[in-house]
Ligand code: CTP
């Protein structure tokens with residue numbers, strides 16, 4: 001057992017919910033590894049899981065009774081589902097079948113495992129395992145995406161020969177990999193007591209009540225930063241431009257539409273923040289006048305022109321602003337299409353932020369709407385080039401840098 005895992009998991013409270021797939025046998029090894037790493041483990045099994053492996057096995061390994069039934073009076077009085085949900089520092093669903101992913105995505109609570117999940121505020125880690133076609137089904141992929149957008153961690157599935165005879169994706173990750181994912185999901189709690197403001201998404205600049213000038217930002221990167229900051233213990237304010245994304249659990253969300261509204265929301269809450277992360281794609285210009293009524297084609301003519309005026313630059317305003325407490329660590333983003341490094345270094349200097357996260361939005365797997373990003377982190381000490389990572393991973397790397405900058409920011413007390 002790597003000491004890293006023992007250090008990270010020692011004394012941590014993990015609920016492992018086992019759903020009904022052939023990979024349920026791997027849950028036994030996972031429970032054993034967690035216990036060996038010093039974690040306290042409680043096991044929940046679905047009805048179907050018990051067809052594959054007995055509660056007795058998992059009871060012996062976890063050294064605690066296994067919970068199987070919400071309506072069993074004795075179980076409910078000794079290990080009530082709410083107590084279990086509150087007790088957990090991490091909820092792991094391993095294996096997670098297509099069925100339980102669907103039920104989790106829809107917030108169902110039709111058995112003990114999903115009831116605990118619905119009541120649980122701890123991070124959720126799912127280890128999917130199913131037939132390759134079930135895995136590739138758009139419904140499963142959508143369900144997983146829903147869970148990830150809500151902050152769930154995933155591990156696997158792996159690719160190879162499946163118990164059903166097919167070869168492909170769907171094999172549950174090995175217990176040691178799931179254990180490592182538990183460590184990542186529990187993560188550092190290095191932002192407890194800190195406050196982080198994240199501005200995310202596009203801004204819409206109205207032309208008239210129907211039309212606007214906007215951009216392609218979806219808000220995914222900013223929402224990932226907000227999720228990661230909550231997970232690491234921060235109090236998070238999320239100022240969101242128009243986006244279809246769900247609010248990560250535990251964030252205070254302020255919805256805005258235009259750059260001017262975003263500026264006002266950010267400035268109103270800037271004081272007292274440990275860090276401000278400007279992931280938002282703020283429109284640089286807005287129509288000079290906003291028509292109260294829908295503009296009509298007949299009046300506009302064949303080739304109408306829209307007069308624009310500049311929007312406030314929110315990020316550039318932040319370093320020079322007066323702070324009652326301390327100047328927050330300021331993180332800016334740069335969406336570039338060419339000469340990324342040079343422009344990023346220059347943009348960081350121009351905007352006066354501590355860290356600038358730059359990406360080439362034309363590169364495959366980076367930029368608007370993707371779940372991954374390849375970024376450069378530009379700080380005072382130089383440029384760090386990160387590999388292609390998920391936006392959740394990028395978020396954590398950014399917060400690692402924010403944490404490293406905290407002592408310095410603390411010195412700038414007004
Ligand atoms: N930003 C901002 N207010 C604006 C424009 C940008 O706060 N009016 C912030 C963004 O949130 C981002 C950073 O500034 O953190 C850089 O945004 P970007 O659009 O890349 O740069 P611009 O300053 O708009 O410069 P250009 O479009 O010329 O690259």
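Details
- Compared with the alpha-carbon gap, the fully stretched path from residue 244 to residue 177 is longer by 20.9 nm at 0.36 nm per residue.
- When you work out D = kT/(6 pi eta Rh) for the chain at 10 °C and 1.306 mPa s, using the Kirkwood radius from C-alpha pairs as Rh and the Stokes-Einstein form, the result is 68 µm²/s.
- Highest-MSF residue in the chain out of 343, 235, 13 [GNM, Cα springs under 10 Å]: 343
- Considering only beta bridges that DSSP places wholly inside the stretch 13-185, some 20 percent are antiparallel.
- Springs join every pair of Cα atoms under 10 Å in this Gaussian network model of the chain, and among 35, 306, 276 the largest mean-square fluctuation is at 306.
- Using alpha-carbon coordinates, inclination of helix 391-410 to the longest axis of the chain, degrees: 70
- Our note on the geometry: Cα centres of the stretch 53-118 and the stretch 217-238, 28 Å apart.
- Based on every Cα atom in the stretch 234-327, Rg and the maximum pairwise Cα distance Dmax equal 17.1, 55 Å.
- Over the chain: helical MRE at 222 nm, DSSP H runs n ≥ 4 each giving -39500 (n - 2.57), nearest 500: -10500 deg cm²/dmol
- Note on residue 57 and residue 7: the extension gain reaches 15.4 nm, defined as 0.36 nm multiplied by sequence separation minus the Cα-Cα distance.
- The residue 400 and residue 161 beta-carbon pair, evaluated with R₀ = 41 Å, returns a calculated FRET efficiency of approximately 0.60.
- Each residue in 135, 166 was given a count of other beta-carbon atoms within 10 angstrom of its own, and listing them fewest first yields 166, 135.
- Most mobile listed residue (113, 163, 122) in the chain, GNM with C-alpha springs under 10 Å: 163
- Prolate/oblate/rounded label for the stretch 263-383 (Cα gyration tensor, a/c 1.5): oblate
- Estimated FRET transfer efficiency (residue 25, residue 346; beta-carbon r; R0 45 Å; 0.05): 0.20
- If R0 equals 60 Å, the separation of the Cβ atoms of residue 292 and residue 363 corresponds to a calculated FRET efficiency of about 0.90.
- P(r) tail, the stretch 13-185: Cα-Cα pairs separated by more than 21 Å, 41% of all pairs.
- With both residues required to sit in the chain, DSSP beta bridges show an antiparallel share near 30%.
- Listed by Cβ neighbour count within 10 Å, with the fewest neighbours leading, 251, 182 appear as 251, 182.
- Here the simple spin-label model places points 7 Å from the Cα toward Cβ, and for residue 267 and residue 389 these points are separated by 3.3 nm.
- Pairs of C-alpha atoms in the stretch 293-338 farther apart than 13 Å represent 75 percent of all such pairs.
- Nearest-ten-degree value, helix 24-36 long axis tilted from longest Cα axis of the chain: 80
- Degrees, to the nearest 10: 138-149 long Cα axis against longest axis of the chain: 70
- Full extension of the chain between residue 210 and residue 82 yields a length gain of 41.4 nm, computed as 0.36 nm times the residue separation minus the alpha carbon distance.
- Whole-angstrom gap from the stretch 252-320 to the stretch 130-177, using each part's C-alpha centre: 41
Every read-out reported here was derived from the displayed coordinates using simple, explicitly stated rules and does not represent laboratory data. Note that the structure is predicted; figures quoted are calculated from it, not measured. Heads up, the Cβs are rebuilt from the backbone with ideal geometry, glycines too, and the neighbour counts pull from every protein chain shown.
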